[in-house]
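Here's the structure we're looking at; comments come further down.
The values are calculated or read from the model by the stated rules, or taken from the named source; none is laboratory data. All values reported here derive from a predicted model rather than from experimental measurement. Cβ placement follows ideal geometry from the backbone for every residue including glycine, while neighbour counts extend to all protein chains displayed. With ligands, DNA and RNA removed, areas are computed over all heavy atoms of the protein, side chains included. Shrake-Rupley method; radii C 1.70, N 1.55, O 1.52, S 1.80 Å.
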Amino acid sequence: MKKLGLLLLCGLLHALPLKETLEITADKFLANDQKKTTIIQGNVHIKKGKDTLTANEVIIHTNDKRKPTKYEAIGNVHFHLFTEDGREVKGHSDRLIYDAIKQEYRLLQNAVVDEVGKVNSVKGEEIILSKEHGYADVIGGKDKPATFVFDMEDIQETQKKQKAKQHAKQQHKP
């Protein structure tokens with residue numbers, strides 16, 4: 001990486017907790033302190049913990065303390081992330097916006113999200129995923145309806161487990 005990239009990366013890493021690091025590799029880094037943005041171009045690969053994102057270009061928006069607040073990935077976007085409840089999710093789209101404060105992903109144009117190891121899949125022109133809250137909103141396009149594919153047995157098993165947990169909590173209350 002160039003010196004600018006190393007300085008920028010050090011600034012980004014400084015704002016993160018010690019347990020989790022942000023690793024970025026790309027062909028080019030362009031930082032603009034006045035606009036509080038960094039444009040990363042060419043073969044972009046970002047790794048944060050176990051989560052990964054690849055794209056042609058990524059724009060990182062930061063706050064006054066140089067902490068990332070939003071990522072915009074453009075072109076050939078692919079991601080692999082792990083949800084708070086332990087699920088593994090992969091997907092792709094033409095564009096992705098990640099709000100680091102809300103921990104929310106917004107996939108735009110030709111968006112697909114698949115749960116690894118399951119048949120669960122969603123497709124649409126816009127998919128909104130909340131890593132923290134575990135929800136997905138899907139919007140279809142004019143000629144492309146939103147598509148959901150889910151394993152009903154898996155959903156029923158999850159519901160049974162949730163009911164069993166609720167029952168166990170009720171049994172332990174004085």
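Overview of results
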{"read-out": "Failed criterion for Phe82 (all others in (1) surrounded by fewer than 18 Cβ atoms within 10 Å (Cβ to Cβ); (2) over 28 Å from Val149 (Cα atoms) hold)", "value": "(2)"}
{"read-out": "Leading residue by the ranking (nearest to the chain's Cα centre (by Cα)) among those in the range 31-65 that are open to solvent by 80 Å² or more (accessible area, probe 1.4 Å) and free of Cβ contacts under 8 Å to residues at least 24 places away in the same chain", "value": "Asn56"}
{"read-out": "Those strands (runs of 3 or more DSSP E) lying entirely in the range 42-144 with at least 2 residues closer than 25 Å to Ala26 by Cβ and basic (Lys, Arg)", "value": "88-99"}
{"read-out": "Every residue from the range 111-127 that is buried (at least 18 other Cβ atoms within 10 Å of the Cβ) and of a type in the set (Val, Ile, Thr)", "value": "Val113, Val122, Ile127"}
{"read-out": "Of all residues in the range 66-82 being in contact (Cβ under 8 Å) with a residue 24 or more places away in the chain and in contact with a Lys or Arg (Cβ under 6 Å, 6 or more places away or on another chain), the one that is nearest to Gln34 (Cα to Cα)", "value": "His80"}
